[in-house]
Amino acid sequence: MSKFAVMGHGVVGSGTVELFLKNKERINSRQGTDLELGYILDIRDFPGLPYSDRFTKDINDILNDDDVTVVAEVMGGVNPAFDFVKKCLERGKSVCTSNKELVAKKGAELIALAKAHNCNFLFEASTGGAIPLIRPLHKDLAGNEITAVEGILNGTTNYILTQMIEHSTPFEKALSDAQAKGYAEKDPTADVEGHDACRKICIISSLVYGKHVYPDSVHTEGITKITAADAAYAKANGYAVKLIGSVKKLDDGRIFPLVAPRFVPFSNQLAFVNDVFNGVMVYGNGFDEVMFYGKGAGKLPTASAVLGDVIECAETKGTILSATWEDSTDDSFIADYRDQKVRMYIRLIGVTESEASKAFPGAEFLKGAKDGETAFITAEEKESAINDRLEAFDGFVAGKIRVL
Ligand code: HSE
């Protein structure tokens, strides 16, 4: 028998238990496993559940039970999850996590620890919710060089933007709906300020390029500065506004990760990824491009990815499956966003088209300009050069969003 334990009975933890118990017979007969739910670790009490007898408040119950070979860590946050995960791996128990903060901040160390103890540290559920993304990047697409990844990686902000732009729902209402649906982080600042998407692009970048990318090294902007006026210009001119996490390999060997709102042209399928869905475009030198799409947050969608990892660990006991990347001691392999070429949507108040066109040669002026304002998309040039040109309009800039 392979017992597995679940650490944390919050949204994802309770979903993992629910999905496992619902599909247990099918899983074990189809996958040839003998998985059994051993323990659920949580400091809270959950009386009256059909599986109340599985709860423990003591991690030693999990650590000391040799029948527990796999542990799902779905607590979130670095502490105490890091300590608990380390203890499990040191006992040779594989860990499957949905905890993007843990992987983004401690991934290299935990992968190395898992290898040293002949077990696995898997994290499919950390990025893209239900979407199979980590395993395809690590395995199915391994025969290629991945040149770029661009995606909508946060369900909460995509839900909020969709509600605000398509249904004119106020920001606060859209956010509280996302919280009620179990999409948002405990502190939703991590969603709206882009930190959650940043952690996910760190995980993708580390996996794809082989060196740990830490969140502090990635320029990150959230969705709080996006206005209804900017969204209206976008829509009228063939764009959607989306929070995009991206990374690409530069010709000089460095990588360029970024998290920021973008004008996404309707010619790009990401423009039509709405609500809690995530969408990820991956570009490579053999397969050209593939798109991944599915629910990026929520109880059962995320549980689905956790359970997939748990089942794989049970199926392949003793086999090392984990992706590998090196730790990094500095971020000299990460390019500065200000040096990268970009086209920028800009909205200026009290500035005429002719004044703006003198400062921004090659600008494409947008339809639907209101009296007293000018909106345009710049020609492509270094972001620092665009910022230099904008200095002349200090105090007049009402909107500024990069174009994908
Ligand atoms: N808060 C996250 C999101 C949960 O909205 O995408 C899934 O990682």
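The values are calculated or read from the model by the stated rules, or taken from the named source; none is laboratory data. Because the structure is predicted, anything quoted here is derived from the model rather than measured. Methodologically, a virtual Cβ is constructed for each residue, glycine included, from the backbone with ideal geometry; neighbour enumeration extends over all protein chains shown. Remember, those area values only see protein heavy atoms, side chains included, never the ligands or the DNA or RNA. Shrake-Rupley method; radii C 1.70, N 1.55, O 1.52, S 1.80 Å.
Computed values, structure above
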| item | result |
| --- | --- |
| Over 37 Å [Cα-Cα, the chain], rounded percent | 26 |
| Label zone at Arg26, where the point sits 7 Å out along the Cα-to-Cβ direction: the range 1-20 residues whose backbone N lies under 18 Å | 15-20 |
| Shape parameters for the range 28-123, alpha-carbon atoms, Rg then Dmax in Å | 13.8, 41 |
| For the chain, calculated [θ]222 nm from helices alone, where every DSSP H run of n ≥ 4 adds -39500 (n - 2.57) | -10500 deg cm²/dmol |
| Solvent-free Debye scattering, log10 I(q)/I(0), computed from the Cα coordinates of the range 98-160 at q = 0.12 Å⁻¹ | -0.38 |
| Virtual spin-label span in nm between Thr329 and Glu355, 7 Å along Cα→Cβ | 5.3 |
| Cα Rg, Dmax, the range 194-266, angstrom units | 14.0, 41 |
| Cα-based convex hull, the range 177-217, per residue volume (Å³, whole number) | 70 |
| Selected from Ile43, Ile203, Ile152 as most flexible by GNM, with the chain as the system and alpha-carbon contacts under 10 Å | Ile43 |
| Per residue accessible area of the range 219-327, 1.4 Å probe, in Å² | 39 |
| Cα-based Rg of the range 143-294 normalised by 2.2 N^0.38 Å, two decimals | 1.03 |
| Share of carbon and sulfur in the accessible heavy-atom surface of the range 338-403 [1.4 Å probe, %] | 46 |
| Theoretical FRET efficiency, 1/(1+(r/R0)^6), r = Cβ-Cβ of Asn285 and Asn64, R0 45 Å, to 0.05 | 0.40 |
| Once the Cα gyration tensor of the range 243-365 is diagonalised, semi-axes √(5λ) in Å | 39, 22, 13 |
| Dipole magnitude of the chain, debye to nearest 20 (Cβ charges: Lys/Arg +1, Asp/Glu -1, about Cα centre) | 580 |
| Alpha-carbon centroids, the range 31-58 and the range 152-215: separation in whole Å | 30 |
| Ordering of 268-277, 163-172 by burial proxy (mean other Cβ atoms within 10 Å per residue, highest first) | 268-277, 163-172 |
| Which listed pairs, of Lys242/Lys358; Lys367/Lys400; Lys173/Lys295; Lys3/Lys57; Lys93/Lys248, have C-alpha distances above 24 Å, in listed order | Lys242/Lys358; Lys93/Lys248 |
| Alpha carbon centroid spacing (whole Å) that separates the range 82-144 from the range 1-17 | 16 |
| Of all DSSP beta bridges in the range 143-294, antiparallel share, percent nearest 5 | 95 |
| Using a Förster distance of 35 Å, the FRET efficiency for Phe272-Leu250 (Cβ separation, nearest 0.05) | 0.75 |
| Long-range tail of P(r) for the range 338-403 (Cα pairs > 16 Å, %) | 36 |
| Two-site label geometry, Asp371 and Asp388: point separation in nm, points 7 Å out along Cα→Cβ | 3.8 |
